[in-house]
Amino acid sequence: MTRNSSPAAPELAVLTGTGTSAVSDALDLMGENGPVFGLHRQSGSGVVVGPAFTVAFEPVPEGVRAPAADFLDDVPPGSVVVIANQGRPCTVWGDILAETALARGVAGTVIDGLCRDVDGIRELGYSVWAHGAFMRSGKNRVRMAAVQQPVLLGHGGEARTVRPGDVVCADGSGVTVVPAALLGEVAERVGRIAAMEQAVLADVRAGMPLREARAKHGYNEVARRPEGDRQR
């Protein structure tokens with residue numbers, strides 16, 4: 001869980017306590033696109049929640065030298081680094097960045113692309129999500145193009161815009177993003193969904209058939225928007 005003393009901390013705690021599935025369900029009910037398709041956990045464990053610190057990369061012309069991107073010293077503790085590298089076959093995150101991020105209290109890293117040094121990062125216990133692992137360096141292949149600007153993750157119909165301060169929720173199932181302006185509403189819905197699911201499980205564990213438990217607690221009704229709820 002991200003450590004945060006802001007007014008949003010209770011909402012972040014709700015998301016941390018449930019994980020991506022309930023968050024995705026809540027966003028579905030609101031007509032919002034939250035999940036980022038194709039990203040898989042490469043290292044770390046548990047649920048990671050925190051505001052997005054966004055970084056975008058672009059290719060460099062052949063023969064042009066480009067230094068490694070230096071942005072990590074500016075990332076606030078508790079943030080999730082969100083890197084847009086458009087799935088290019090080179091890496092922009094490795095064990096040096098992971099160890100530095102861990103020491104700075106950064107919550108985790110999400111990469112629309114690849115990560116290297118995965119064995120070492122796993123030993124650190126630092127959480128990274130990416131399309132996969134690869135060893136080729138991004139030096140002189142890509143360069144940092146923007147920091148703390150909206151970035152696009154993914155491609156086609158599954159593309160997802162992430163803005164600085166949007167809340168990233170990630171776990172073993174993948175990554176989903178909550179727009180900052182909707183955090184309170186999403187947290188309320190997540191709490192309602194989680195409570196209903198726990199009630200269903202409690203009755204099933206006590207011997208009630210699953211069909212009955214779902215009907216008793218309105219498992220399918222939770223998908224209905226309350227009367228007067230706004231549509232998106």
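The values are calculated or read from the model by the stated rules, or taken from the named source; none is laboratory data. Quick caveat, the model's predicted, so the values are computed rather than measured. Here Cβ is always computed from backbone atoms with ideal geometry, including for glycine, and neighbour counts include all displayed protein chains.
Values for this structure:
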read-out: Close pairs (7 angstrom Cβ cut-off, 6 or more residues apart or separate chains): among the hydroxyl-bearing types (S, T, Y) in region 195-212, not in a helix (DSSP H, G or I) anywhere; value: none
read-out: Some residue of region 65-76 being assigned by TED's automatic domain parsing to the domain that holds P164, within 12 Å of the chain's Cα centre (by Cα) and either farther than 30 Å from I193 by Cα or in a loop (DSSP other than H, G, I, E, B) (or both); value: no
read-out: Hits in region 85-100 (condition: free of Cβ contacts under 8 Å to residues at least 60 places away in the same chain and either outside any helix (DSSP H, G or I) or over 13 Å from A69 (Cβ atoms) (or both)); value: N85, R88, P89, C90, T91, V92, W93, G94, D95, A98, E99
read-out: Given (1) over 11 Å from the mean Cα position of the chain (by Cα); (2) over 19 Å from P164 (Cβ atoms), number of the condition N33 does not satisfy; value: (2)
read-out: Pairs with Cβ under 7 Å, 6+ apart, first in region 113-139 and in the same structural domain as P89 (by TED's automatic domain parsing), second surrounded by fewer than 22 Cβ atoms within 10 Å (Cβ to Cβ) and aromatic (F, W, Y); value: L114/F134; R116/F134
read-out: Selected residue [farther than 19 Å from Q148 by Cβ, acidic (D, E) and crowded, with 20+ Cβ neighbours inside 10 Å] from D28, D95, D117, D112; value: D117
